[in-house]
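Engineer: Got a structure for you, written out below as structure tokens; questions coming shortly.
The values are calculated or read from the model by the stated rules, or taken from the named source; none is laboratory data. Just so you know, these numbers come straight off a predicted model, no measurement behind them. As a convention, Cβ positions derive from the backbone with ideal geometry for all residues, glycine included, and neighbour counts pool all protein chains shown. Keep in mind that these areas ignore ligands, DNA and RNA; they rest on the heavy atoms of the full protein, side chains included. Shrake-Rupley method; radii C 1.70, N 1.55, O 1.52, S 1.80 Å.
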Amino acid sequence: MRRNSLRLTLVAALATAALSACVVAPAPGYGYGYYGATVVEAPPAVQYEAVGVAPAPGYLWIGGSWFWEGGRYAWHPGYWSAPRAGYHWAPRTWERTGGGWRAREGHWERGEERHRDHDR
């Protein structure tokens, strides 16, 4: 009986060590959108989001947007973000190209505030 218990403990320890070395990554095509990839189908209209109270004074609302994932559009909801001194938020946009649509990722830009309507 003691030998079986020792064997089970050893198997459990080996399994734990093997699993701790695993890397979990999204399958190709299921990331946070493809900057530069052309999507033939136009993105849906932006969804309405009820914006709650900021978690702290000065926080900025980063509005949700559509991402192309697994061959379809998926909505990622907005969230509150701490401000970055000397930067403003440029929201994610979809731009029309000759062959379809391309996402331009949202990002922080150095300089004066220009997107007032996105910071509510």
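Engineer: So what are the ³J(HN,Hα) numbers for the stretch 85-93, from phi and the Karplus equation (6.51, -1.76, 1.60; θ = phi - 60°), rounded to whole Hz, Gly and Pro as x?
Structural biologist: 4, x, 10, 10, 8, 9, x, 5, 9
Engineer: Another question about this same structure. What GluC sites (Glu not before Pro) does the stretch 39-91 have in DSSP loop regions with at most 11 other beta carbons within 10 Å?
Structural biologist: Working: sites: Glu41, Glu49, Glu69; in loops: Glu41, Glu49.
Within the stretch 39-91, the qualifying GluC sites (Glu not before Pro) (loop, at most 11 other Cβ atoms within 10 Å) are Glu41.
Engineer: Accessible area, 1.4 Å probe, largest first: how do Val40, Val51 sort?
Structural biologist: Details: Val40 120, Val51 65 Å².
Solvent-accessible surface, decreasing: Val40, Val51.
Engineer: Just the number, please: Stokes-Einstein D of the stretch 40-99 in µm²/s, Kirkwood Rh from C-alpha pairs, 20 °C, 1.002 mPa s. List each step's numbers first, then the result.
Structural biologist: Values: Rh = 13.6 Å.
Value of D from the Cα-based Kirkwood radius: 158 µm²/s.
Engineer: To continue, here is another question. Add +1 for every Lys or Arg and -1 for every Asp or Glu among the other residues with Cβ under 9 Å from the Cβ of Glu95, and state the total.
Structural biologist: Details: positive: Arg96, Arg102, Arg104; negative: none.
With Lys, Arg at +1 and Asp, Glu at -1, the neighbours total +3.
Engineer: Compute the distance in nm between two label points, each set 7 Å from the Cα along the Cα-to-Cβ direction, one at Ala54 and one at Glu41.
Structural biologist: 3.7 nm
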